[in-house]
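The values are calculated or read from the model by the stated rules, or taken from the named source; none is laboratory data. Because the structure is a prediction, the values reported are computed rather than measured. Here the Cβ positions follow ideal geometry from the backbone for every residue, glycine too, while neighbour counts run over all protein chains shown.
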Ligand code: FEO
């Protein structure tokens, strides 16, 4: 499959409807994804990015139907991660001398992965490459999301090829932003940002500011995953600017695990207490160990929250593995300007709230209090305490 983006640019990637997880099992991709590769034909011919390894043969076979591979003058590798470079070895077997334009870091990454001494041409921000009537301008985009990432801008057509930036893991038969359900599109764009780009928000803000200062017209943004932004393409740039600035909504998320429903009962009463104190706040509950729980959807909700309350029973002097896993993810994502508190039931030793509080502090969450512990199954008195706990927190966060 291929399709025209305009007279000189063609999409030659792969839509992966079956992809359900990414980066091993680190990221859920419930709506599939696409690996976008772009063929640009001017007086010179260039290919921007490849696709993931399992589809390498299919990619090269299809590309041959579009173009005599020997006519490709330049390959642009905006990023070295295998979902964009996996098909390179297959392609380079056919055209081994074709120059690969990429950052110095991408060169390291590609050499480290494929152990080939291809004809690399390292580029920096502001470097240009003529295609004849148009040219590429390269823009290093370090930490968006790896140190090797760059964007490539095509003059004349005014297209920004942004690689992972502004992408979404979303397979669709409609590959343009104006043709799809907007809620679904933005859910996936936000999930992508929350789970991948949050730690690099400062870089995002600085890079967007830098690119806007170039005053380059942008008629289209072509990312390497998901849909192409052709209708008001700067709408996603505006969103990124908002998300990069310690984004939060009027939301509190309660994330818990439970063994015999005691911590679950606490979670529900705490939620009721919050609502008593503030009827406008959104309160969401997530049992992070239920069969339906999706850790990355929970992280997306953490991203949107001004505070999270984390609950676990005490298990073997520790906390549940599901809660521990979510806390580890939260710590790695380096959220800013968020608050938190711990809760949970216990029968004997009761280390849970202390351990959760410590993890929240390590994740740089401001603790709202010392947490709430309840022994065994909460009785009426304990349930009232839970409600009061929620009410106090709701008041404090108004
Ligand atoms: Fe960082 Fe889509 O790979």
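For segment 172-189, the set of residues classified as exposed (fewer than 13 other Cβ atoms within 10 Å of the Cβ) and outside any loop (DSSP other than H, G, I, E, B) consists of 182, 183, listed by residue number. Candidates 34, 8, 109: the one that is touching a residue at least 40 places away in the same chain (Cβ under 8 Å) and within 16 Å of the ligand (Cβ to nearest atom) is 34. Restrict the check to segment 155-164 and report whether at least one residue is within 23 Å of the chain's Cα centre (by Cα), within 13 Å of the ligand (Cβ to nearest atom), on the phi > 0 side of the Ramachandran plot and assigned to a strand (DSSP E or B). Checked against the condition, which is being within 23 Å of the chain's Cα centre (by Cα), within 13 Å of the ligand (Cβ to nearest atom), on the phi > 0 side of the Ramachandran plot and assigned to a strand (DSSP E or B), segment 155-164 yields at least one hit. For residue 125, the conditions (1) within 16 Å of the ligand (Cβ to nearest atom); (2) farther than 20 Å from residue 47 by Cβ all hold with the exception of (1).
Candidates are the residues of segment 17-31 that are within 12 Å of the ligand (Cβ to nearest atom) and part of a strand (DSSP E or B); the one that is surrounded by the most Cβ atoms within 10 Å (Cβ to Cβ) is 22. Scanning segment 76-91 for residues that are away from the ligand (no atom under 16 Å from the Cβ) and surrounded by fewer than 20 Cβ atoms within 10 Å (Cβ to Cβ) yields 89, 90. The set of residues from segment 190-235 being within 16 Å of the ligand (Cβ to nearest atom), part of a helix (DSSP H, G or I) and either farther than 18 Å from residue 136 by Cβ or free of Cβ contacts under 8 Å to residues at least 40 places away in the same chain (or both) comprises 191, 192, 193, 194, 195, 196, 197, 198, 199, 200, 203, 204. Kindly indicate which of 150, 175 is at pLDDT 95 or above, touching a strand residue (DSSP E or B) at 6+ places or on another chain (Cβ under 9 Å) and within 16 Å of the ligand (Cβ to nearest atom). Criteria check complete, one pass: 150. Cβ separations smaller than 6 Å between residues 6+ apart or across chains give no pair from segment 14-28 residues that are at positive phi to residues that are modelled with pLDDT under 95.
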